[in-house]
């Protein structure tokens, strides 16, 4: 009997179910009153200028006619024929995605018990190749409030050729989908607009959902932040806050932290307000002030020197992963080198390709190019070896430079260390530089969603259903006024066409949704400018702690969102 | 008025106080009944054999006589003369340290309102140089249940010379300390034993507190785990669990994770039970099985090949930071190279020192040494460049190899990738290897303590006070039966002398407390052996989530602790 009890205990300890997951599943996400009341109706929402550029009107003649909608409650009308809806997760995982599916599923089942939701597997290629499962109440209950995109998987493929579009149309037609919900970032929502245009003929409406931890999918006044951003930032803030704590205890390390987030610095800005680091770089500011990489190095080194003077040989530094893109001199070299590599590779066999050459041969080849000036060489040779090698890294399949592959934090660390050695020799720097470098990205992307993102994702799923039920297509579901309590959230439909602009992709201009960078005129950045001197010298560290789901610390929202809405 | 409200809101958002910290401070740590009853008495605890080696009896004649004690409640005796006690934090920060101070402080004030606790600043050198503050009720309330060692700072200096010992004695005499509590790992507790022996004459009793996130300070049957281990492991497990989640969503990366923890693999083992990764390396097992580094590479690569066969090109791998020490062939080279460097540097000027030489010159110098055999060269040259360079890294001030400085995860990643390229050419490996590497250490070390570590640290502080009040010196305060509820915890005093053995340090044998490695015969490792095949192939991931302080997931304990006590 004792042996049996022991065995039961061992099994409980070795299982992959935890008290934590059980508790998370039991949380019932809050629904705003407008969505709680039923699928409701849509009405025009006035007061916002949303212009569509000419190219968009040409390429998306139908969905370009969409106007901004709000979803309002009305007396429930009985749905007669069951609908079948599809949903696909696209791009990197973001916390809250499972709740979008849960919201869509619950809204569909509420409207008619025979409504079905079909989930496509491993991203958009699941539509092209028709790999799908029918989503069940059990699947939804299992994944509710959990992180990642496990339920269906995800992928980065785009539906970007007529052939793929045709196969999507076939899949949707065979499955008789009356609606398709695309959960993704700027590119996936671009895809949603083209799908909406193309699937119109077979009666499949398409709605996009704003997802990305990077936070760069925004529509001023309408979409403050996509889902997933808050959770990822809180996970990174936990880590950086813990490093603050370590700094102030051990008193001897400078921690250089690179944070995921592509080119825009939204994540770094939010994590800065969460943790009050000693140095924070904002790519958009570096661009506006036209700082060189040596300026950036000085900016960091000066704080280290100032703190050393007060006996503080420790600190934390936040570096957005896309920072190099904003440093003009670096960006120019990246573009030129990308061009030289592409031109060379077109003529070369696989075995001779640029990345099979030695470093010296690569530099020689670049030096010999007609677009490479002496000035470029001087700038290039002035960079440390790590950055030189970084600039020559393999381009992606579209020929684009892969910022995330460069260990920017180590490059800056090395350059700062070199600069400080000279300052030390001159007697200006009297400290002792010991460093640690970190990259936080995938770990935060995979976190459990905060309660904010649980609620947000769930409401987005319901809003998507409402838009579909009301005949909308070519829209992004969104929640207006996220800074207010859930009771005051306003579900809306943002037309996709006005969000689009022309951008160079694969060497030609393409119609895509514009990424939003950090607004240097908005309150959040202005307040950062006001606070950061204090953060740099005092130990004004903020310790947000791990994400909480119960107790008084469970109800949080992005600080930048709150500041910008004041 | 609206402007004023806005300003108040902004100030709240920009402050470094959070709802989370307020909530943490309000938690009242649980105290076991034996300590809740008062300082109590000490009695011998029988049933454990604790032998003292001859060298320890010679070097520590007084404290070697100590025998194992238990603390039991008795009728409270009134303390007449106020005491003054000192406390010092030593070595790397560990979550729960502030609660040790809080426990000591509250126990002291309970015994007599005029008792004082003096905190030495920035580690043991604070005693040597007499840098201290008097700890106040406010300081304790502010830091209760918070992470790090902010309250006093910490340092790694040891009191290891007669001169330093003399100055400590002076400090303790001037301050009239009747007791000194040393919070630290194996080396700090070694120091505590020598301090106890040396401060006997001036009436300062010394008590050690078992602290280290590495988990390698254990006494079988008496001290299951030091404080700080659980919190750090939970922080790492959050991160690895999030990577599991990312894996299962994005379906394309192998994550190589190096975990802090010095030589022993306790942290990796605990994090493995918390997360069920696809591959877990245990240094102690590698040593026992005499695996070469190529064997270890095979061990990882085979799982990657097997999973690729099932279409799973993703997974998580845990690598303890001390792994190289357990690979015999690597360890031999490390020892030989350390010896060659030390001998060379003794004759060289600062400018000629080994680490100023080029890589080629370093290799030449090693090759020419009389202790370097042809076989060593063959092994060395068979290693990838990253490992070769790692082996030549600067030694610490004691001439020791610095394992934490080697990017072991990147070395293994590179070797695995090379091996798999060959397997792919042979058609055996059909997958696509995309990798990410991570090092988790400082971020977990600085986390807020779990409720377990909050309670544990607090009880240790009370236990230390009880031992001091009962005249004990040369002991480590400990809590027996940590796997049971707090109500059943047993405060004890473990004599320090029997924990000591002889170990080579700075080239000579020294008397130090022995580090405890992972016990390959204990249930935890046996169960790992049983489970890991399943973890490697199935996606049996466990997602522990962020550390919780409220709700059903707040009461957790180390899984290895629970398994080993069944």
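A short reminder: the numbers here are calculations on the coordinates, not readings from a lab. If you're wondering where the values come from, they're calculated on a predicted model, not measured in any experiment. Virtual Cβ from ideal backbone geometry, glycine too; neighbours counted across all protein chains shown.
Some values worked out for this structure:
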{"quantity": "Förster-model FRET efficiency, 35 Å R0, residue A:26 and residue B:9, C-beta, rounded to 0.05", "calculated": "0.60"}
{"quantity": "Segment B:452-556: relative contact order in percent, alpha carbon pairs under 8 Å with at least 6 residues between", "calculated": "16"}
{"quantity": "Exercise: per-residue mean of other protein chain Cβ atoms within 10 Å, B:445-453", "calculated": "4"}
{"quantity": "Per-copy distances of the residue A:203 label point, shortest first, in nm (7 angstrom along Cα→Cβ)", "calculated": "9.7"}
{"quantity": "0 to 90° range, to nearest 10: angle between helix B:266-275 axis and chain B longest Cα axis", "calculated": "80"}
{"quantity": "Residue order, fewest to most beta carbons within 10 Å, for B:20, B:354", "calculated": "B:354, B:20"}
{"quantity": "Peptides ranked, highest mean first, by Cβ atoms within 10 Å: ranges B:291-304, B:260-273, A:339-352", "calculated": "B:260-273, B:291-304, A:339-352"}
{"quantity": "Nearest 10 degrees, 0 to 90: helix B:408-425 Cα axis against chain B principal axis", "calculated": "20"}
{"quantity": "Nm distances between copies for residue A:347, ranked from closest, using label points 7 Å along Cα→Cβ", "calculated": "5.5"}
{"quantity": "Share of alpha-carbon pairs per 5 Å distance bin for segment B:490-552, given as whole %", "calculated": "4, 11, 9, 10, 13, 14, 13, 12, 11, 3, 0"}
{"quantity": "Ranked list, fewest to most other Cβ atoms within 10 Å of each Cβ, for B:476, B:151", "calculated": "B:151, B:476"}
{"quantity": "Helix axis angle, B:328-347 relative to chain B longest principal axis, alpha carbon, degrees", "calculated": "70"}
{"quantity": "Helix-only [θ]222 nm of the protein assembly as shown, DSSP H runs n ≥ 4, -39500 (n - 2.57) each, per residue, nearest 500", "calculated": "-13000 deg cm²/dmol"}
{"quantity": "Segment A:42-90 shape via C-alpha gyration tensor axes, a/c threshold 1.5", "calculated": "oblate"}
{"quantity": "Theoretical FRET efficiency, 1/(1+(r/R0)^6), r = Cβ-Cβ of residue A:351 and residue A:508, R0 35 Å, to 0.05", "calculated": "0.75"}
{"quantity": "Peptide A:537-545 - average C-beta neighbours from other chains (10 Å radius)", "calculated": "5"}
{"quantity": "Neighbouring partner chain Cβ atoms per residue of A:248-258, average, 10 Å criterion", "calculated": "5"}
{"quantity": "Rg(Cα)/(2.2 N^0.38 Å) for segment A:221-338, N = residue count", "calculated": "1.15"}
{"quantity": "Ranked list, fewest to most other Cβ atoms within 10 Å of each Cβ, for B:52, B:80, B:416, B:87", "calculated": "B:80, B:52, B:416, B:87"}
{"quantity": "Alpha carbon Rg of segment A:370-458, scaled by the compact-globule rule 2.2 N^0.38 Å", "calculated": "1.63"}
{"quantity": "Three-way shape label, segment A:114-172, alpha-carbon gyration tensor, a/c 1.5", "calculated": "oblate"}
{"quantity": "Residue B:335 paired with residue B:361, simple spin-label distance in nm, labels 7 Å along Cα-to-beta-carbon", "calculated": "3.0"}
{"quantity": "Prolate/oblate/rounded label for segment B:446-490 (Cα gyration tensor, a/c 1.5)", "calculated": "oblate"}
{"quantity": "Efficiency of FRET between residue A:141 and residue A:526 - r from beta-carbon atoms, R0 45 angstrom, step 0.05", "calculated": "0.50"}
{"quantity": "Residue-span extension gain [residue B:19 to residue B:426] - 0.36 nm each, minus C-alpha spacing", "calculated": "140.7 nm"}
{"quantity": "Peptides A:382-391, A:326-335 ordered by average Cβ neighbours within 10 Å, highest first", "calculated": "A:326-335, A:382-391"}
{"quantity": "Relative packing of peptides A:397-403, B:559-565 - highest average C-beta neighbours within 10 Å first", "calculated": "B:559-565, A:397-403"}
